[in-house]
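The values are calculated or read from the model by the stated rules, or taken from the named source; none is laboratory data. None of the values given here were measured: they were computed from a predicted structure. Methodologically, a virtual Cβ is constructed for each residue, glycine included, from the backbone with ideal geometry; neighbour enumeration extends over all protein chains shown.
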Amino acid sequence: MIEQLEQLFEDAKSKLTTLKSTADLEAWFRDTLGRKGQLTALMRQVGSLSKEEKPVFGKRANEVKQTLQSSFDARQTEVKMAQLEAEMASDALDITLPGRRSRKGGLHPITRTLREIYRIWGDMGFQVYQSREVETDEYNFEMLNIPEHHPARDMWDTFHTTSPGMLLRTHTSPGQIHAMREYHPEPIRVILPGTVYRYEQITSRSECQFNQVEGLAIGHNISLADLKGTLSDFARRMFGADRNVRFRANYFPFTEPSAEMDVECILCDGDGCQLCKHTGWLEILGSGMVHPNVMRNGGYDPSEYSGFAFGMGVERICMLNYGICDIRNFWSNDLRFLQQF
Ligand code: FA5
């Protein structure tokens, strides 16, 4: 029987070296070392041996089993590696294929316009001051000389929150009071950008949610001439030196005197079109000399200080610059519109 064992050992070992697939290896294992394999069958016959032969056979059978098991493990690893290499050679990764392009986004035209506005006012010595979007009635109206029941409240109807006296600001002007209270008694040169809200009919020129940039200059001996000169200079830098502007007297409760500034319509070059309501001009901002009551509410003494303020509509400026004839495009999320910028 020991000869049979040695024969089995030699045959199994040499067969193992010829195997090239996992399936063949599995079959070899089943036939040789498996529960119904040849070695197991041989080992079961140990009972038929003499007392002296038994331990010799048992020891050798275990050695054979262990050697065949480790040869099997080593061969299995070799076969797997060879298979992997063959797969990699036949299914090689072609790194010359172009990757998927990531889609490029662009800045919204309003963001571009805001950045241009910041740049121009920055060059003129104005710094950005951030003010809140949810305001109190006191700051949005009362501090700006618009007491309860004042008819001017009709022009600036807004969205109210469930907390009494809290509302979405209708303009960036309440920021004037915040800035004055923070900077007093220093001179001030700030712009205050941000979103404002109005309960109002949406048309091609008017939205219920839009952006404004407020401006405030407070100091000694600031006059209406400074206001006109500074705003005209802004228009020249923003729209080009050949674009005409005009000032129209107007009324705002928080400035006295007050004026609106119009820019010649860029779409029709002043001939009249739908955008400019056939007037040839587009209003871009309201402005004026800060009212003494507002000055006092901000903590400044109007007999010592004076100043001007303005509030410009960013969408209107953007429309003029890019020749956009409908304000509703800005919030429509239409890629055909946005991809043009
Ligand atoms: C005001 O909001 C004042 N707070 C401006 C001001 C500030 C005056 C400081 C004096 C001193 P008005 O409601 O006119 O004013 O709005 C200012 C600008 O915002 C307008 O000139 C216009 O360009 C823009 N605007 C107003 N309403 C809308 C709207 N519904 N949609 C888009 N832009 C608008």
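Below are the figures for this structure:
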{"item": "Scope segment 144-154; condition free of Cβ contacts under 8 Å to residues at least 60 places away in the same chain and either surrounded by 15 or more Cβ atoms within 10 Å (Cβ to Cβ) or more than 38 Å from the chain's Cα centre (by Cα) (or both); matching residues", "result": "P147, E148, H149, P151, R153"}
{"item": "Exclusive hit being more than 11 Å from the ligand (Cβ to nearest atom), over 26 Å from G229 (Cα atoms) and not β-branched (V, I, T), set C273, C265", "result": "C273"}
{"item": "Criterion (of a type outside the set (D, E, K, R) and surrounded by 13 or more Cβ atoms within 10 Å (Cβ to Cβ)) met by exactly one of A41, A12", "result": "A12"}
{"item": "Restricting segment 119-143 to residues that are surrounded by fewer than 21 Cβ atoms within 10 Å (Cβ to Cβ) and assigned to a strand (DSSP E or B), the residue that is farthest from the chain's Cα centre (by Cα)", "result": "T136"}
{"item": "Failed item in (1) modelled with pLDDT under 95; (2) in a loop (DSSP other than H, G, I, E, B); (3) within 14 Å of the ligand (Cβ to nearest atom); (4) not hydroxyl-bearing (S, T, Y), with R243 passing the rest", "result": "(3)"}
{"item": "Residue match in segment 218-230 (condition: at pLDDT 95 or above, more than 10 Å from the ligand (Cβ to nearest atom), crowded, with 22+ Cβ neighbours inside 10 Å and closer than 22 Å to G122 by Cβ)", "result": "yes"}
{"item": "N211 vs. criteria closer than 16 Å to G288 by Cα, touching a residue at least 40 places away in the same chain (Cβ under 8 Å) and not hydrophobic (A, V, I, L, M, F, W, C)", "result": "no"}
{"item": "Of all residues in segment 256-275 being modelled with pLDDT of 85 or more and in a loop (DSSP other than H, G, I, E, B), the one that is nearest to V294 (Cα to Cα)", "result": "C265"}
{"item": "Qualifying residue in segment 177-186 (condition: in the same structural domain as R115 (by TED's automatic domain parsing), in contact (Cβ under 8 Å) with a residue 60 or more places away in the chain and in a loop (DSSP other than H, G, I, E, B))", "result": "yes"}
{"item": "Residue satisfying all of: in segment 310-341; outside any loop (DSSP other than H, G, I, E, B) and charged (D, E, K, R); farthest from I191 (Cα to Cα) among these", "result": "R336"}
